[in-house]
Structures are given as structure tokens and as C-alpha cells.
Amino acid sequence: MGMWWFIATFAITSFICNSPAYAYDNNPLQDICVAVNDSQASVFVNGKICKDPKLATANDFYFSGHNVSGDVVPGLGFVSTLVDVNKMPGLNTLGMFFGRTELEPQRLAPLHMHPRATELITVLEGALYIGFLVPDAVNFFKSRLFSKILNTGDVFVIPKGLIHIQYNMGNKKATYLSFFNSQNPGFVIIANSIFASNPPISDDVLAKGFQINKTEIAVLRKKFS
């Protein structure tokens, strides 16, 4: 009986661990899978449809312009130049995504999380206060903050799915690179997700959840919508 129980448990565990439903940016089954946009395709895949490898070129694996500053987003004080599968089709199925962010002095990138990726950040210039929140193992009504002040050349890693902070505490622009271990890491901006949802979350729910009144909720909706 004990042996059969062990075999059954082992089999179930092996199935779960290897089930596609639990997979995360699976290893590709071919050497290259250059993305091609096909709005008429009848097959939906977790990523992009692959170009015939014989038609792939070096340009599919190339991007230029990551050293160029973009336009600052009005009111937010930062700009990000993202390189994803749409800009570099050769990234398809490789489980990678990266970006370059410039953050103006004393400005904060909105608190956010990436549900499908760990993020590794390296600072190119400036000073960046960075940190992430981990639920407290003893009291889930609280969290632990892991934070550091990064300077040029410093590297920090943010585990997948955790809310994190990126704040330029200096008096000059901070520039940093972000690398993600997912082709589509996802971006969830916390305040906007809550106060600018469509359809909106009930005022009663927000009032009770955040212990604020409906007038304050209206102000927050206006700020983040």
C-alpha cells in the first residue's frame, strides 16, 4: 500500500510540474521563431506566429536606438524605450523583454508589478531608490520592504509579481536598463488599476477597502483616470 501511494503521488507531481498549464515561457522547440504579424491567422498561439526560418534575416534580431532619449510623459516625469517582440521579432519564444527608462529628478515611476516576470535593473547614470514589497509570512496584513539606493553600475533584482518602487532621489536625471525573463512580463500599475478600472469598482467597495470617503474616492478617480 505504501509503495503504491508513493508511485501515485510521484506520478501526479510529475504531471503537474510538467503540465503546460504550469509552464512559464517554455523552451522553444526550434532554433529560431521570428515573429510575424498575421491578423487573419486562424491559429492562436501563446506568443507570435513564426516566420519560415528560411525567410529570417539578421534584422529580425536587431534593434537600434536604445541610446536615444525619448519624450517625457507629461505629468509623470519619465520615459521608457521598450524593446519587445514587436520591435525585435527575433525575440519571439526566447523569454526576453528589455527596456531603457529615464526618470527626471525627484520623480517616481508609478508603483507597479509584472505578473509574469522577474526584473533585473542596472543603473547607467544617476541615483535610484528602488525596492519591492513581500507579504509578511506571519501577518499577511503587513509587508516587508526590501530597498536600496542604487548608483551608476549598481544592479538590483525584483522577484516576479511583487509591487515595486523606482524613485529618482537625485538632482539629475536617472537612467537605467530593465531586463525581464518573459516575452510578455505584463505591467500592472497599482493605483490606475484600482481607481481607473472599466467598469469602475463600486464606491462602497473602495470606501470600505481603503477606509476613505466617497469624496476622496472621486478625487482619486480623477487623478488616475
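I need the P(r) histogram for segment 87-219: all alpha carbon pairs, bin width 10 Å from 0 out to the longest distance, whole percents.
The calculated distribution, bin by bin, is 11, 33, 33, 19, 3, 0.
Assuming R0 = 22 Å, what is the FRET efficiency of Lys223 and Asp154, from their Cβ-Cβ distance, to the nearest 0.05?
E between Lys223 and Asp154, to the nearest 0.05, is 0.10.
Exceeding 25 Å between C-alpha atoms, which entries from my cross-link table qualify? They are Lys173/Lys222; Lys87/Lys160; Lys148/Lys222; Lys148/Lys172; Lys172/Lys222.
Correct reply: Lys173/Lys222; Lys148/Lys222; Lys172/Lys222.
Given a 1.4 Å probe and heavy atoms of the protein chains only, how would you sort Arg107, Arg221, largest accessible area at the top?
Arg107, Arg221
Using the beta-carbon distance between Leu177 and Val73 and R0 = 22 Å, what value does 1/(1 + (r/R0)^6) give for FRET efficiency, to the nearest 0.05?
With R0 = 22 Å, the Cβ-Cβ based efficiency is 0.75.
For Glu216, what accessible surface area do you get with a 1.4 Å probe? Give it in Å², rounded to 10.
Roughly 90 Å² of Glu216 is accessible to a 1.4 Å probe.
Heavy atoms only, probe 1.4 angstrom, no DNA, RNA or ligands counted: give me Val45, Val219 ranked by accessible area, highest first.
I get Val219, Val45, largest accessible area first.
When the accessible area of segment 149-225 is computed with all protein chains present and a 1.4 Å probe, what percentage of it is carbon and sulfur?
60 percent
Mind checking the full-extension length gain between Phe140 and Ile163? Use 0.36 nm per residue of separation minus the Cα-Cα distance, one decimal, nm.
My answer for the length gained is 6.8 nm.
Among 95-103, 166-174, what's the highest-first ranking by average C-beta atoms within 10 angstrom per residue?
So the order, starting with the most tightly packed, is 95-103, 166-174.
At a probe radius of 1.4 Å, what is the per-residue accessible area of Leu55, in Å² to the nearest 10?
It works out to around 110 Å².
Between Asn37 and Val83, how high is the FRET efficiency from 1/(1 + (r/R0)^6) when r is the Cβ-Cβ distance and R₀ = 22 Å? Nearest 0.05.
It comes out at approximately 0.85.
The values are calculated or read from the model by the stated rules, or taken from the named source; none is laboratory data. In this text, all values refer to a predicted model and were calculated from it rather than measured experimentally. Positions of Cβ are generated from backbone atoms using ideal geometry, with glycine treated the same way; all protein chains shown enter the neighbour counts. Heads up: the accessible areas ignore ligands, DNA and RNA and are worked out on the full protein's heavy atoms, side chains in. Shrake-Rupley method; radii C 1.70, N 1.55, O 1.52, S 1.80 Å.
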